[in-house]
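The values are calculated or read from the model by the stated rules, or taken from the named source; none is laboratory data. Since the structure is predicted, the reported quantities are computational estimates derived from the model, not experimental observations. Note that each Cβ is placed from the backbone with ideal geometry, even for glycine, and that neighbours are counted across all protein chains shown.
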Amino acid sequence: MKGRTIVSVILASLIAIFSGIYSFSQDKNLHIYFLDVGQGDSILIQTPDDVFMLIDGGPGDAVLSELNEILPVWKRNIDVVILTHPDADHVTGLVEVVRYYEVKEADFGKVEHNTNIYEEFLYQVEEKALQVSDLRDEDDFLLGCCVYVDILWPEENQNLERLDPVNNISISIRLTYKDFTAVLAGDAESATEKKIAKIRGLDSDLLKIGHHGSNTSSEPVFLDAVEPEIAIISVGEDNRFGHPTLETLEKLKERNIKTYRTDLDGRIEVISDGLEYWIECKEGCGR
């Protein structure tokens, strides 16, 4: 009887695992997860054919808990990681991801930035012999079957060492899946936003607000160029910087842009079938 019980438990476990595999691969939508990592940024993108790209990793190891909740137990590889810029609240979690996940490719702007955590990231990338790309605005690519990644910034011949502060080297991208579009601007500040705003056809459904809603970002000309329906602010609860600022929130309100925040809504998931999109929040949207 004891032997039968053990066999039954094993069979039940196998059924659960394979059921998870089946259901995981049956969802043919685009998923964009704005991870709840505290005062930092981390965005996981899952294409309709289950190719994964992680943009930034946040300020600590909370990204690992978030990934564990989203990905099946058997899923331990990520196809692409992008580091928008080397500040600690973006790179720290990526060190852990590269260390514990099987990552195929790491994309980031090569720049001198002498911090221990950035040096550790570079070491892990070299140690794992990852394919490395220095992304510029002519390096657009197709992610998976059908998600187009348009690199908006930095420019091809831009000397990253001359951009100050380091936020202004942030890799900024525009995702397109059929009729759905999203602009993810890292920590780009006003000077960079004004340059990106000159790009034609920038209007998008979604905008990830720059620099956690600081008043150094969200230039009116940039908001008007993107003209999003919804905005996502990745920010830590009760953070010492006062992010997002009332000034930024007022700019969004004036433009009737529906705003979601990781400090209030927890992990935010944007799902699109390429025609429509909808939003789910771990803590309940609009809390």
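Some values worked out for this structure:
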read-out	value
Residue among GLU247, GLU269 that alone is acidic (Asp, Glu), farther than 13 Å from VAL37 by Cα and without any contact (Cβ under 8 Å) to a residue 40 or more places away in the chain	GLU247
Some residue of segment 251-263 being part of a loop (DSSP other than H, G, I, E, B) and either of a type in the set (Gly, Ala, Ser) or buried (at least 21 other Cβ atoms within 10 Å of the Cβ) (or both)	no
Which numbered condition GLN131 fails, given (1) under 25 Å from VAL51 (Cα atoms); (2) touching a residue at least 12 places away in the same chain (Cβ under 8 Å); (3) buried (at least 16 other Cβ atoms within 10 Å of the Cβ)	(3)
Every pair of residues 6+ apart whose Cβ atoms lie under 8 Å, when the first sits in segment 27-40 and is without any contact (Cβ under 8 Å) to a residue 24 or more places away in the chain while the second is part of a loop (DSSP other than H, G, I, E, B) and surrounded by fewer than 24 Cβ atoms within 10 Å (Cβ to Cβ)	ASP27/PRO48
Given (1) of a type outside the set (Lys, Arg); (2) surrounded by fewer than 17 Cβ atoms within 10 Å (Cβ to Cβ); (3) at pLDDT 95 or above, number of the condition GLU155 does not satisfy	(3)
Segment 214-229 residues that are surrounded by fewer than 20 Cβ atoms within 10 Å (Cβ to Cβ), paired with ones that are outside any loop (DSSP other than H, G, I, E, B) and among the β-branched types (Val, Ile, Thr) (beta carbon under 8 Å, 6 or more apart)	ASN215/THR248
Enumeration of residues in segment 39-51 that are over 11 Å from the mean Cα position of the chain (by Cα) and within 18 Å of ILE171 (Cβ to Cβ)	none
Tally of residues being surrounded by fewer than 13 Cβ atoms within 10 Å (Cβ to Cβ) and closer than 8 Å to VAL37 by Cα across segment 58-75	0
Segments classed as strands (runs of 3 or more DSSP E), wholly inside segment 86-194, with at least 2 members that are among the acidic types (Asp, Glu)	102-108
